[in-house]
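A.B. asks: This is the structure I want to talk about, given as structure tokens.
The values are calculated or read from the model by the stated rules, or taken from the named source; none is laboratory data. Being a predicted model, the structure only gives us computed values, none of them experimental. Ideal geometry is used to build each Cβ from the backbone, glycine not excepted, and the neighbour counts take in all protein chains shown.
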Amino acid sequence: MQIFSSQQNSMLKFSALACCITLITGCAKSQPNTFTFTADLPPDFAYVAAVYYVPAEGEACTVATKDNLAPVFNDQWRKEYKPDSEIEIHITRKGCPLVVRRIELEINSAYGKDRGDFGRESAMVVIRHELKEQSKGIFSEAGESVFYGQCQWLFRTAGAQRRIVKILDCKTTDAQGQLGRGRPFAAYTLDQLPGKTVKMKITLATKERPGWGDTWVEVPGGWKRCMGKNFEDQDAFCFGNYSDFSTFKMPDGRICTIYPGCTE
């Protein structure tokens, strides 16, 4: 018969208690219910993210749209912008378990001081229970997945003063910058996301181009605006006349003859 001293008994009790705590902690430990969405954007760019949820797989419940509004990050991007957004994966609304389905993204940048002097383009992240292996985003050992795009400014004139306005055009690219079809896009499965980081990396094309063809002529140092029939001609297509040009007004109010340098 083995007899333990009081000191040994105390050590055994302590060990047993430690084992219990370890077991409880291990059982309680679970995957995070969030992931981080972030973006690496050109200077003076910002994104807005709207996150949409649907009933979890196997759930028969539904939630009215008014009770399942999409959380929005950076909706006041002109005043305050934060590149990191913490996205919940599972939520419950009106007693219905929901999972994240997609993130609708706006890429925004202002080019002038007027309220309407900004460009906007879209991007998307979708989340599914299952995806083909080649369709899934790939995560690094550090837990980060990056998808890519390139934006370019398209310029045109509008109004009686032929004021410059710009359109933002963004396309998906690969990691080497090769342009693809469609807008910046990524897809993931739910089980890929807990505790991870998804990053949208956008570059800006070095040159701008006209919003549509046969309205500007490229010359040394920039572009000149075709006159068209007269200065009041809003479309002002060149129609083969590449010698008669008009002035135009920059967003900052300058009257110019060549874009983007203003003066030749």
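A.B. asks: What number of residues in the range 153-179 are touching a Lys or Arg at 6+ places or on another chain (Cβ under 7 Å) and of a type in the set (S, T, N, Q)?
C.D. replies: 3
A.B. asks: Which of the residues that make up the range 160-175 are within 29 Å of Gly222 (Cβ to Cβ), free of Cβ contacts under 8 Å to residues at least 40 places away in the same chain and not basic (Lys, Arg)?
C.D. replies: Filtering the range 160-175 for residues within 29 Å of Gly222 (Cβ to Cβ) gives 160-173.
Checking the rest, the ones that are also free of Cβ contacts under 8 Å to residues at least 40 places away in the same chain come to 171-173.
Within the range 160-175, Thr172, Thr173 qualify.
A.B. asks: Something else about it: Does the range 240-264 hold any residues that are touching a Lys or Arg at 6+ places or on another chain (Cβ under 6 Å) and among the charged types (D, E, K, R), and which are they?
C.D. replies: Across the range 240-264, the qualifying residue is only Lys249.
A.B. asks: Looking at Lys166, Lys132 in this structure, which one is among the charged types (D, E, K, R) and at pLDDT below 95? Even if it seems obvious, please write down each step before you answer.
C.D. replies: Values: Lys166 fails: at pLDDT below 95.
Being among the charged types (D, E, K, R) and at pLDDT below 95 holds for just one of Lys166, Lys132, which is Lys132.
A.B. asks: While we're on this one: Mind checking whether some residue in the range 121-133 is without any contact (Cβ under 8 Å) to a residue 40 or more places away in the chain and either within 30 Å of Ile255 (Cβ to Cβ) or more than 14 Å from the chain's Cα centre (by Cα) (or both)?
C.D. replies: Yes, the range 121-133 contains a residue that is without any contact (Cβ under 8 Å) to a residue 40 or more places away in the chain and either within 30 Å of Ile255 (Cβ to Cβ) or more than 14 Å from the chain's Cα centre (by Cα) (or both).
A.B. asks: Any idea how many residues of the range 140-166 are polar (S, T, N, Q), more than 15 Å from Thr206 (Cα to Cα) and part of a strand (DSSP E or B)?
C.D. replies: 2
A.B. asks: Does Ile202 qualify as being touching a Gly at 6+ places or on another chain (Cβ under 9 Å), under 23 Å from Glu264 (Cβ atoms) and either β-branched (Val, Ile, Thr) or surrounded by fewer than 17 Cβ atoms within 10 Å (Cβ to Cβ) (or both)?
C.D. replies: Here the answer is no, as Ile202 does not meet what is asked.
A.B. asks: Would you mind stating whether Trp216 is closer than 30 Å to Ala123 by Cβ and modelled with pLDDT under 95?
C.D. replies: Answer is no for this residue.
A.B. asks: Of the numbered conditions (1) surrounded by 15 or more Cβ atoms within 10 Å (Cβ to Cβ); (2) of a type in the set (Gly, Ala, Ser); (3) at pLDDT 95 or above, Gly228 satisfies every one except a single condition; which is it?
C.D. replies: All conditions pass for Gly228, except number (3).
A.B. asks: Would you mind stating whether Asp233 is outside any strand (DSSP E or B), of a type outside the set (A, V, I, L, M, F, W, C), without any contact (Cβ under 8 Å) to a residue 24 or more places away in the chain and assigned by TED's automatic domain parsing to the domain that holds Glu130?
C.D. replies: Details: outside any strand (DSSP E or B): yes; of a type outside the set (A, V, I, L, M, F, W, C): yes; without any contact (Cβ under 8 Å) to a residue 24 or more places away in the chain: yes; assigned by TED's automatic domain parsing to the domain that holds Glu130: no.
The answer is no for Asp233.
A.B. asks: Return the total of residues in the range 172-199 being aliphatic (A, V, I, L, M) and surrounded by fewer than 16 Cβ atoms within 10 Å (Cβ to Cβ).
C.D. replies: Matching residues across the range 172-199 total 2.
A.B. asks: Still on this model: It is to be established whether one or more residues within the range 214-222 are touching a residue at least 24 places away in the same chain (Cβ under 8 Å), among the acidic types (Asp, Glu), more than 30 Å from Gln176 (Cα to Cα) and assigned to a loop (DSSP other than H, G, I, E, B). Lay out the reasoning, then the answer.
C.D. replies: Step one: list which residues in the range 214-222 are touching a residue at least 24 places away in the same chain (Cβ under 8 Å), which gives 214-217, 219, 221-222.
If we keep only those that are among the acidic types (Asp, Glu) as well, we get 214.
Subsequent filtering for residues that are more than 30 Å from Gln176 (Cα to Cα) retains 214.
Next cut, assigned to a loop (DSSP other than H, G, I, E, B) only: 214.
Taking every residue of the range 214-222 in turn, at least one turns out to be touching a residue at least 24 places away in the same chain (Cβ under 8 Å), among the acidic types (Asp, Glu), more than 30 Å from Gln176 (Cα to Cα) and assigned to a loop (DSSP other than H, G, I, E, B).
A.B. asks: Quick one: is Asp169 surrounded by fewer than 18 Cβ atoms within 10 Å (Cβ to Cβ), part of a strand (DSSP E or B) and acidic (Asp, Glu)?
C.D. replies: Values: surrounded by fewer than 18 Cβ atoms within 10 Å (Cβ to Cβ): yes; part of a strand (DSSP E or B): yes; acidic (Asp, Glu): yes.
Criteria met by Asp169.
A.B. asks: Still on this structure, please answer the following. Can you work out which of the residues in the range 238-264 that are within 24 Å of Asp117 (Cα to Cα) and among the hydrophobic types (A, V, I, L, M, F, W, C) is nearest to the chain's Cα centre (by Cα)?
C.D. replies: Taking the candidates together, the pick is Met250.
A.B. asks: Of all residues in the range 66-88 being hydrophobic (A, V, I, L, M, F, W, C) and under 21 Å from Val126 (Cα atoms), which is farthest from the chain's Cα centre (by Cα)?
C.D. replies: Going through the qualifying residues, I end up with Leu69.
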